[in-house]
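Following: one structure in structure tokens, then a few remarks.
The values are calculated or read from the model by the stated rules, or taken from the named source; none is laboratory data. Just so it is clear, the structure is predicted and the values come from calculations on it, not from any experiment. Neighbour counts are summed over all protein chains in view; Cβ atoms, including those assigned to glycine, are modelled from backbone coordinates with ideal geometry. Side chains are part of the model used for accessible areas, which takes the heavy atoms of the whole protein and leaves out ligands, DNA and RNA. Shrake-Rupley method; radii C 1.70, N 1.55, O 1.52, S 1.80 Å.
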Amino acid sequence: MTDATRRAAEPLFEGTEWTFDRLHRTYDAIEVVAREDLGLDIYPNQLEVIASEQMLDAYSSIGMPLMYPHWSFGKRFAHEERMYRKGYAGLAYEIVINSNPCISYNMEENTMAMQTLVMAHAAFGHNHFFKNNYLFRQWTNAETILEYLEFAKKYVARCEERYGEAAVEEILDAAHAIMEHGVFRYRRPPRPNASARMERRRERDAFVEKSHREIWRTLPKQPPARLVEDEDPDEPVKRSELKLPEENLLYFFEKHSPSLRPWQREILRIVRNIAQYYYPQKQTKVMNEGCATFVHHYICNALFDKGLLTEGAMLEILHSHSNVIFQADFDDKRYSGINPYALGFAMMADIRRICEHPTEEDRRWFPDFAGTGAWREVLKDAWANYRDESFIRQFLSPHLIRRLRLFVLNDDAKLAHYLVSGIHDEQGYRRVRDALARSYDIGMIDPDIQVVEVNLKGDRRLKLQHTMQSGIPLVEDARDEVLKHVHRLWGYGVTLVGVERESGEKRYEASINLN
Amino acid sequence: MTQFIDRRQNPKDKSLGNRQRFMRRARAQIKEVVNRSIKERNITDVASGETITIPTKGIGEPRLRHAQSGGVRERVFSGNKQFSTGDKIDKPPSGGGGRGKEGADSGDGEDSFEFALTREEFLDLFFEDLELPDMIKRALLEVKTWRRTRAGITTVGSPTNLNILRTMRQAHSRRIALRRPRTVAVETIEAEIAALEAKARRTTDEDKRLATLQAELERMGRRRRAIPYIDPLDLRFNAYQARPEPNAQAVMFCLMDVSGSMGEREKDLAKRFFILLHLFLRRRYDHVEVVFIRHTHEAQEVDEETFFYSRETGGTVVSTALAEMARIQKERYPVAKWNIYAAQASDGENHSGDADRCIALLDETLMPVCQYYAYVEILDEREIEIFRNAPDGTALWRAYRRVADSWGNFAMKRIARPADIYPVFRELFAPRKAGQPASRAPAP
């Protein structure tokens, strides 16, 4: 942009009221900056204006425009509604869905300035991230997610009709309990190739149903025969088929549980696919929000520089921008952990600074790009190829550590005090950076639980193993409740054993027995 | 490529189904909390829904999560002030939240869940398994009143119901269809004939023309006579139907002793009792009217404000209030149209010798027309211990007991504290009080 065009244009809008015409014009202006200046690559956008009740609805069905029915969504709704009505929590200005076209919800209560910010944030920032980040590209299928949810919703409704709400609720409860352990972490998911496989499955079910002959029902049941089959030493196939150990519990039960019926397996599959869809989001919170925040900040400033935003609008935008990236100190009442918006935005702004105005220190730490000025390329590369953990490990600069005054606290349950093991000084940078990166490692956040063994010869007991990191236990009440659900899915006894990762030492064992 | 969609008009209750599922799931806990809160809370608030907190048992969503303590872990915080590497900080005693809201993300660790019930949900739970006694009358009354409602158009009917517009429209179209000569056309020809005839001398052309015109006029006249302007076929009438109407209105008489012996406390208790009954009636009936009758040694109908808040002096003659109620009922609330309820509150004092008159009024005039008559006697906290179940008491109480014995729809109770009201109320309106405990709906 040259100085001649600077602040020459008419503002896009004045006052606070938004209209669809203004939205269109503003969107177009944003798009110019996003594509030509930042060079963002986005899915086509679909922007929907909704009322606050609809926002609450969207909240409670985990942000999805459609979802199968379940009481837990009602619980979430009741909770959110109360928080909102009491004024404890404002609603998000927007919700954005990783789909193609990329759907974002804008609240009708937003002022025009807020709509501008929200469009830049969601329709361009998040949208670019969804389309380009490797995790999303690899693990989720933006093309078909809505179609799949449509199928899921109908399928669950049909099951409720045929087998009763209670039966469906039971299986969904159980599936939700191990939802976090229904994703493939370490190997690629068997690509759903969605509709084709679903179709095949439905056909198979239909065939089973069609070929069901009333007369066969009168034959004596033969479950023992299968047990014998399993025991047969000539058939080691069975065990190898299980592919133990298995990290994806939902997948394991879907394929191998001896006691589930086809529709129950299909429901497990639905929950598993949704869990898998959310898996990348969990790992990229800092980056995703950082990217969107950086983008809206850059775009709004660019529009302002062009004279397309009034000072009043810009002031309002900056006000909510600074609210969003507020980071409280650890001893502040408002502190609730590191704010992903703050951290993400600060890191990305810092990358730009390092590219444009590096210090000696920056040149030492980031020789690859310090001073090159090519911050757009560096950022786009980061957005595409990193997740929170690796992003922090790679890009957190000493400068930023000092600015946020980060420090590491060691907490050993056996000791009566915490130990400050690193602060924002020359000796501590790497330590702080490592610790912060690790705290965003999905492997550290979710407990590592795998199916390790199935007793095929005896009572079919299922053995799960919790590989503990540095002795960190599970919440015990919840653990026992979850085991009951697992028992429901497996149909036979279940044991969970906690084993220390380094030493291999057994720390605890919890069991649910057959009935 | 880019689309803006206005979804604001889309249905907003997408979560309603899930909310109901949740309510069903947590029903037992919610019910318990609601019952408890009704006992304790100021009854004027009852109508306005409320925030309740229920234990998460049964509605928890257990997940495998790392515990907040135990093992060795590292945490990163922002905003260091004075710490340097190697510093040791004492832990706060026994898991206290000394470090900000560290436990904020634990979520499921909490053992209670808080959310708001709407007014409807709250009242539904409140009134659940209550049923107005002796609802037979209402059931019988269901088809008692008839109302004429329009039911379209018919071809037969009485002249008063003639629908002129429709009839004329019908006639008009018939006339057009049958080509009945229009009056305007006739008049034009007549005018032309008159003009021709008026001429002193006519050419042969004009004579010819006159002849055709006269022939035409005659043809028209014949046709007009054959095709009437309005035919019986055209008549259209408004049709009416008598529709049965459920008797959905109720009147509630509130009777209260306002003599000096009724203090603030007594009036307050009485008020709560009335409000509760009123709320209940409002749910049952579309339209509920309330009549306030206060009495000392004489009775008068007053507005609500005066009823509860103005002070009166004088003696106490209960029968005056009953007589006043009988009068008002006869004047304004015929039994055929109204379901009549009465609620009376008093401290039990009455002019000696008035009891018999009360019995007579109730037995002969009031009880036959009332759906239900509830009497509460407001006692001292000390007195209630003595009188709780005693059959005898004040003269009025003894007299009313005789009424209660002969009328199933007469109920009486003694109360002393706000917390007593709800149990009394429940008992008053418990389904089929006497004799059939088995028919009570089992608590879910």
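Which residues, counting only those in the range A:284-302, are open to solvent by 10 Å² or more (accessible area, probe 1.4 Å) and either within 8 Å of the chain's Cα centre (by Cα) or among the basic types (K, R) (or both)? Within the range A:284-302, just A:K285 meets the criteria. Among all residues of the range B:58-69, there is at least one that is at pLDDT below 75 and not in a strand (DSSP E or B).
Taking the listed residues B:V302, B:V251, B:V317, the one that is among the β-branched types (V, I, T), open to solvent by 20 Å² or more (accessible area, probe 1.4 Å), in the same structural domain as B:T394 (by TED's automatic domain parsing) and touching a Phe, Trp or Tyr at 6+ places or on another chain (Cβ under 8 Å) is B:V302, with no other qualifying. Are any of the residues in the range A:195-213 at pLDDT 70 or above, part of a loop (DSSP other than H, G, I, E, B) and more than 20 Å from the chain's Cα centre (by Cα)? No, that holds for no residue. Of all residue pairs spaced 6 or more apart or on separate chains, those with beta-carbon atoms under 6 Å, a first member in the range B:355-374 that is more than 13 Å from B:W407 (Cα to Cα) and a second member that is at pLDDT below 85 and open to solvent by 10 Å² or more (accessible area, probe 1.4 Å) are B:A355/B:A395. Checking the structure you have, find out if any residue of the range A:335-344 is open to solvent by less than 50 Å² (accessible area, probe 1.4 Å), touching a His at 6+ places or on another chain (Cβ under 9 Å) and either basic (K, R) or modelled with pLDDT of 90 or more (or both). No: the range A:335-344 contains no residue that is open to solvent by less than 50 Å² (accessible area, probe 1.4 Å), touching a His at 6+ places or on another chain (Cβ under 9 Å) and either basic (K, R) or modelled with pLDDT of 90 or more (or both). For the range A:1-37, filtered to residues that are more than 10 Å from every other protein chain (Cβ to nearest Cβ), at pLDDT 90 or above and open to solvent by less than 10 Å² (accessible area, probe 1.4 Å), the residue that is farthest from B:S15 (Cα to Cα) is A:V33.
Applying the criterion of being assigned to a helix (DSSP H, G or I), open to solvent by 80 Å² or more (accessible area, probe 1.4 Å) and not polar (S, T, N, Q) to the residues of the range B:199-220, the residue that is farthest from B:D231 (Cα to Cα) is B:D205.
All conditions in (1) without any contact (Cβ under 8 Å) to a residue 60 or more places away in the chain; (2) closer than 27 Å to A:S322 by Cα hold for A:E143, with the sole exception of (2).
Here's the yes/no breakdown for (1) of a type in the set (A, V, I, L, M, F, W, C); (2) loosely packed, with under 14 Cβ neighbours inside 10 Å; (3) touching a strand residue (DSSP E or B) at 6+ places or on another chain (Cβ under 7 Å):
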{"site": "B:F237", "(1), (2), (3)": "yes, no, yes"}
{"site": "B:L255", "(1), (2), (3)": "yes, no, yes"}
{"site": "B:L279", "(1), (2), (3)": "yes, no, no"}
{"site": "B:E289", "(1), (2), (3)": "no, no, yes"}
{"site": "B:T296", "(1), (2), (3)": "no, no, no"}
{"site": "B:F308", "(1), (2), (3)": "yes, no, no"}
{"site": "B:K330", "(1), (2), (3)": "no, yes, no"}
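Of the helices (runs of 4 or more DSSP H) lying entirely inside the range A:42-140, those containing at least 3 residues that are surrounded by fewer than 20 Cβ atoms within 10 Å (Cβ to Cβ) and facing chain B (nearest Cβ under 9 Å) are A:71-85.
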